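One structure below.
The values are calculated or read from the model by the stated rules, or taken from the named source; none is laboratory data. None of these values were measured; they are calculated from a predicted model. All Cβ positions, glycine included, derive from the backbone under ideal geometry; neighbour counts span all protein chains shown. Just so you know, the surface numbers come from the protein's heavy atoms only, side chains and all, with ligands and any DNA or RNA stripped out. Shrake-Rupley method; radii C 1.70, N 1.55, O 1.52, S 1.80 Å.
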Amino acid sequence: MRPPAYKAVVDEYADAIRSGALPAGARLPTHRALARERGIAPATATRVYAELSAAGLVVGEQGRGTFVRVRSGYDGLEPSRALPVPRVADLSFNQPLSPGQDDDLRQALRALAASGDVTALLRQHPPGGHHHDRAAVATHLLERGIDTAPRNVLLTAGAQQALDCVLRAVTRPGDVLAVDALSYPGIKLPAADRGLELAPVPVTPDGPDLDALERLCRARRVRAVYTMPTVHNPLGWVLDAARRERLAALARAHDCLLVEDGTYAFLEAAPPPPLRTLAPERTCYVAGLSKSVAAGLRFGFAVVPDALLRPVTRSLRAAAWGAPGLVTAVATGWLADGTVARLERERRADAAERQRIARAALAGLDVRAHPASYLLWLSLEPHQRPDHVAAVLAERGILVSTADAFATGAYRPAALRLALATPPRAELGGVLERLRAAIESVAP
């Protein structure tokens, strides 16, 4: 069967963009101009640009036109990590570490080597972990306001695996998953793999628009709501107690599950009660130690209701059984001896100082952030395209994330998310001053 005629136009533009004949940032003809130029209907021209956009080759901006996408920087789920100059700083990903953590690891490994049954670390653990390891996590969660039996804790290879296994267990292809219009990019991967429909909920300065969520639940059968009530990624909010109670009530009224992501919750010293405490029968809580201890540890957990314990365990078993024995031994040892609690205190102090540095370096710019967080949301001027600004920064050796990576629907504000944890703290101020100068160089 011969492909539709418009496909030839799509292929021609795609070849020109990939070859560089149409350079990054080039403005393309308007939909009407393209239709006249190629002798096609305006609706067909719109379809051409839609396919190019879906392929990640162009970006459309309401009122300004369609441009060849600049691919430098983090503008999607699969970032290009290569920079055209030597790297100055990676502000696209948080990998916080404290001084002396290498010694913590050496001591932990020596203690394991000297322990009684080292061979046990080489044996396969049951899916979700041994009871005593789950109990260590359950005890740790008491500090976050979650009182759960160890049997409801499932150990995983990081919070991302916990999220993936929960979604696989509780949803079917075609189910509606409500998410914030700007949210953690990692939710899009398992949702797409599972064939879920993401339903974006508009965001406000204080949290998701719960009136909009209620309208959505009345109009559609929403299977689950994915939410980050404590230190939201990327916007930094902490939902107050009233909003948490309303969210739990909405979930009960419309029989929705709640998937609560607590990855950054440790950065808030005194948060309101987690959703898990307000609606335990329908809330799956997922988190891990990647941000509080080390990204390379890959130790996470899911806390699930009794009714979901078997399906989530089955999902975990199908994926990878759970966290490796050696990692589990290190992680639970640090939970038991106070190392994790100490590192969390150090992270909160470090994040607060980094926010202070960032506020000083970016004074006068439109920024939004939790006061003790490793995340900062920087809104750009209307004339500044995020992908173009990311390319300008890449030319100066600075890697950032654009709003596209966090958008779950059509809403894509002109903004960058800056991850503040990875550069050495002594260098952060200088990095951000260079970033500011680069952004301000992007003229109308």
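What residues qualify as long-range amide H neighbours of Leu258, i.e. H under 5 Å apart, gap of 5 or more or another chain, H built at 1.01 Å from N?
Val225, Thr283, Cys284
Kindly report, to the nearest 10 Å², the accessible surface of Ile187 as traced by a 1.4 Å probe over protein heavy atoms only.
0
Considering only the chain, what is the antiparallel percent among its DSSP beta bridges, to the nearest 5?
60
Take every Cα pair under 8 Å in the chain that's 6+ residues apart, average their separations, divide by the length, and report that relative contact order as a whole percent.
Relative contact order comes out at 22 percent.
In degrees, nearest 10, range 0 to 90: what is the angle between the Cα axis of helix 339-361 and the longest Cα principal axis of the chain?
30
Per residue, how large is the accessible surface of the chain? Use a 1.4 angstrom probe and give square angstrom.
44
If I fit a long axis through the Cα atoms of helix 210-219 and take the longest principal axis of the Cα atoms of the chain, what angle between them do I get, 0 to 90°, rounded to 10?
With rounding to tens, the tilt is 80 degrees.
So how strong a dipole does segment 105-149 carry about its Cα centre when Lys and Arg Cβ are +1 and Asp and Glu Cβ are -1, to the nearest 20 debye?
Dipole about the Cα centre, nearest 20: 200 debye.
Round to a whole angstrom and tell me the spacing of the C-alpha centers of segment 231-268 and segment 146-197.
Going from one Cα centre to the other spans 14 Å.
Between Ala26 and Ala318, what is the spin-label point distance in nm, taking each point 7 Å from the Cα along the Cα→C-beta axis?
Inter-label distance under the simple model: 4.6 nm.
I need the shape label for segment 380-426. Rule: rounded when a/c is under 1.5, else prolate if a/b > b/c, else oblate, with a, b, c from the alpha carbon gyration tensor.
Because a/c hits 1.5 or more and a/b fails to exceed b/c, segment 380-426 counts as oblate.
Round to a whole number: what % of the accessible area of the chain belongs to carbon and sulfur, probe 1.4 Å?
Answer for the chain: carbon and sulfur cover 53 percent of the accessible area.
Just name one of Val231, Asn94, Ala414: the one whose Cα is farthest towards the positive end of the charge dipole of the chain (beta-carbon charges, Lys/Arg +1, Asp/Glu -1).
After comparing all options, I get Ala414.
Under a point spin-label approximation (7 Å from Cα along Cα-to-Cβ), what is the Ala249-Ala349 distance to one decimal in nm?
4.1
For a paramagnetic label modelled at 7 Å from the Cα of Glu281 toward its Cβ, which residues of segment 302-332 fall within the zone defined by backbone nitrogen distances under 12 Å?
Only 306-307 fall inside the zone, counting backbone N under 12 Å.
Assigning unit charges at the beta carbon (Lys, Arg +1; Asp, Glu -1) and nothing else, what dipole magnitude in debye, to the nearest 20, does segment 8-62 show about its Cα centre?
180
Under a crude label model (7 Å from the Cα following the beta-carbon direction), how far is Ala149 from Gln107 in nanometres?
Reported label-point gap for Ala149 and Gln107 is 3.6 nm.
What do you get for the angle between helix 159-170 and the principal long axis of the chain? Use alpha-carbon atoms, 0 to 90 degrees, nearest ten.
Once rounded, the angle reads 90 degrees.
Express the C-alpha Rg of the chain as a ratio against the empirical globular expectation 2.2 N^0.38 Å, rounded to two decimals.
Compared with the compact-globule rule of thumb, the chain sits at 1.05.
Give the relative contact order (percent, whole number) for segment 304-411; include only Cα pairs under 8 Å separated by 6+ residues.
In percent, rounded to a whole number, it is 13.
Using only alpha carbon pairs under 8 Å that are at least six residues apart, calculate the relative contact order of segment 200-244 and give it in whole percent.
It rounds to 34 percent for segment 200-244.
For a label point 7 angstrom out from the Cα of Glu197 toward its Cβ, which stretches of segment 250-271 have the backbone nitrogen within less than 18 Å?
Only 254-257 pass the distance filter.
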